[in-house]
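The values are calculated or read from the model by the stated rules, or taken from the named source; none is laboratory data. Everything numeric here is computed off the predicted structure, so don't read it as measured data. Neighbour counts are summed over all protein chains in view; Cβ atoms, including those assigned to glycine, are modelled from backbone coordinates with ideal geometry.
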């Protein structure tokens with residue numbers, strides 16, 4: 001069998017349900033990505049048509065997730081990444097300030113070349129070497145950090161955590177009543193279903209939240225349940241490859257490459273660690289997963305969207321029992337179908353309080369990996385802790401992972417245990433320092 005369903009202790013029904021759960025949890029990207037990419041931070045059009053971005057997002061997610069499922073046989077979905085899309089907009093603005101015409105086309109080409117770099121590194125198995133060099137505590141720290149990150153996003157989406165002057169963050173004592181009610185209904189149904197071991201507990205909670213949102217008038221049913229995107233400015237194959245092959249664009253290619261490199265490694269390690277797929281310190285089909293991810297970035301750029309990456313929301317499907325590529329293929333099919341079901345998908349994904357409980361649940365389960373961090377060994381516990389706390393506080397998997405990757409060899413060296421650090425970790429640390437000093441710092 002292609003998916004080895006019985007070998008991984010699952011079933012076709014569980015895999016299909018898990019794929020549906022993953023899709024519903026991350027379907028918001030179909031609505032959010034077009035909004036982000038179509039307008040810059042000053043409120044000006046970037047040149048990308050929102051409907052074209054919607055089509056590119058759905059197609060890229062469907063294609064990339066299908067490749068991950070069929071080629072790597074992992075329950076991990078892919079789509080244009082949040083954070084990466086904001087980085088894309090900042091690059092578009094920077095290129096526009098430099099006087100480059102149609103900067104969105106050049107930015108797409110920069111993403112394409114960053115994917116090409118990923119692909120070369122994956123084929124040379126350099127990215128896999130980095131993953132294999134991570135210690136068990138570092139792997140657990142990544143899982144915990146992503147869990148806290150997901151929980152933070154869930155609480156923010158629920159309107160319970162807000163920005164506050166002086167303390168940066170704080171509890172919202174006056175949340176929107178209807179939005180909070182939707183969140184509460186979803187959370188309670190999810191808790192009830194999970195406590196009674198009902199199948200599809202996370203999905204049931206999301207559907208209950210959607211029903212409550214309709215009842216409370218938080219969201220409105222679509223006028224047409226079926227519909228295709230209406231595109232005025234196509235984005236498919238519109239990237240300016242020649243424009244990106246200039247000296248001024250090389251730093252942009254590198255920052256896309258470094259950001260997604262560690263973002264992907266963090267997601268793959270954290271999610272698969274939680275799924276119990278890591279055996280003897282190694283992730284099965286790791287290099288295939290990395291090749292799938294690299295190819296996804298290139299395909300996404302060709303279709304007209306920002307960097308495509310592995311999604312932490314895949315953990316929602318894993319918590320439903322997904323263990324094989326069938327989970328990913330199911331989500332991929334749903335992404336493809338969403339092109340004609342845009343109004344329905346948009347309705348469910350339009351209000352963050354509907355999926356907020358799912359993120360909190362997934363975060364809880366992933367944070368349980370903290371028990372595997374060797375806190376009695378400071379040289380293992382400190383870097384893992386910095387990753388775990390750095391990811392949510394920096395609001396970036398890549399930046400949080402950077403803290404740990406720099407701390408790990410440093411702490412080992414100071415403790416006189418440098419021999420315990422594998423060669424790839426030294427190389428990565430040196431590369432990160434060079435990148436932070438000569439590229440990232442100059443980007444602002």
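A search for C-beta distances below 9 Å between a residue of region 201-217 that is assigned to a helix (DSSP H, G or I) and any residue that is loosely packed, with under 15 Cβ neighbours inside 10 Å and modelled with pLDDT under 85, counting only pairs 6+ apart in sequence or on different chains, returns 204/198.
The condition of being in contact with a strand residue (DSSP E or B) (Cβ under 8 Å, 6 or more places away or on another chain) and either at pLDDT 90 or above or over 21 Å from residue 318 (Cβ atoms) (or both) holds for only one of 217, 179, 186, 170, that being 170.
Per-residue answers, yes or no, for (1) in contact (Cβ under 8 Å) with a residue 12 or more places away in the chain; (2) within 30 Å of residue 56 (Cα to Cα); (3) in contact with a helix residue (DSSP H, G or I) (Cβ under 8 Å, 6 or more places away or on another chain):
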residue	(1), (2), (3)
352	yes, yes, yes
360	yes, yes, yes
375	no, no, yes
378	yes, no, yes
384	yes, no, yes
391	yes, yes, yes
396	yes, yes, yes
399	no, yes, yes
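Every condition in (1) within 15 Å of the chain's Cα centre (by Cα); (2) not in a helix (DSSP H, G or I) is met by residue 262 except one, and the failing one is (2).
Name the pairs: first residue in region 112-128 and at positive phi, second residue buried (at least 17 other Cβ atoms within 10 Å of the Cβ) and assigned to a helix (DSSP H, G or I), Cβ to Cβ under 6 Å, at least 6 apart or on different chains? That search, which allows pairs on different chains as well, returns 125/287.
For region 219-228, enumerate the residues that are in a loop (DSSP other than H, G, I, E, B) and surrounded by fewer than 16 Cβ atoms within 10 Å (Cβ to Cβ). Correct list: 220, 221, 223, 224, 225, 226, 228.
All told, residue 204 falls short of being modelled with pLDDT under 95 and out of contact with any helix residue (DSSP H, G or I) (no Cβ under 6 Å at 6 or more places or on another chain).
Just to be sure, is residue 343 within 28 Å of residue 179 (Cβ to Cβ) and touching a strand residue (DSSP E or B) at 6+ places or on another chain (Cβ under 6 Å)? Yes, satisfied. Here residue 231 clears all of (1) in contact (Cβ under 8 Å) with a residue 60 or more places away in the chain; (2) closer than 30 Å to residue 16 by Cβ; (3) surrounded by 14 or more Cβ atoms within 10 Å (Cβ to Cβ) except the condition numbered (2).
Summed over region 113-144, residues that are over 26 Å from residue 372 (Cβ atoms) and surrounded by 21 or more Cβ atoms within 10 Å (Cβ to Cβ) total 5. Picking from residues in region 238-281 that are over 30 Å from residue 438 (Cβ atoms) and touching a helix residue (DSSP H, G or I) at 6+ places or on another chain (Cβ under 6 Å), the one that is surrounded by the most Cβ atoms within 10 Å (Cβ to Cβ) is 271.
Checked against (1) within 29 Å of residue 72 (Cα to Cα); (2) out of contact with any strand residue (DSSP E or B) (no Cβ under 7 Å at 6 or more places or on another chain), residue 208 meets all criteria but (1).
In region 270-290, the residues that are at pLDDT below 75 reach residues that are not in a helix (DSSP H, G or I) with C-beta atoms within less than 7 angstrom, at least six apart or across chains, in these pairs: 275/75; 275/323; 283/277; 284/277. Note on region 325-444: enclosed helices (runs of 4 or more DSSP H) holding 1 or more residues that are over 20 Å from the mean Cα position of the chain (by Cα) and either buried (at least 24 other Cβ atoms within 10 Å of the Cβ) or at pLDDT 85 or above (or both) are 325-337, 378-394, 397-414, 423-435. State all residues of region 48-68 that are surrounded by fewer than 24 Cβ atoms within 10 Å (Cβ to Cβ), over 22 Å from residue 15 (Cβ atoms) and within 17 Å of the chain's Cα centre (by Cα); if no residue qualifies, say none. Listed by number, the list holds a single entry, 59. The condition (being under 30 Å from residue 276 (Cα atoms) and touching a helix residue (DSSP H, G or I) at 6+ places or on another chain (Cβ under 7 Å)) is satisfied by just one residue among 50, 80: 80.
Residue 250 meets all of the listed conditions (1) on the phi < 0 side of the Ramachandran plot; (2) in contact (Cβ under 8 Å) with a residue 12 or more places away in the chain but one, namely (2). Return the residues of region 307-324 that are in a helix (DSSP H, G or I) and within 16 Å of the chain's Cα centre (by Cα); say none if nothing qualifies. Answer for region 307-324, where residues must be in a helix (DSSP H, G or I) and within 16 Å of the chain's Cα centre (by Cα): 314, 315, 316, 317, 318.
On inspection, residue 418 does not qualify as touching a residue at least 60 places away in the same chain (Cβ under 8 Å) and in contact with a helix residue (DSSP H, G or I) (Cβ under 9 Å, 6 or more places away or on another chain).
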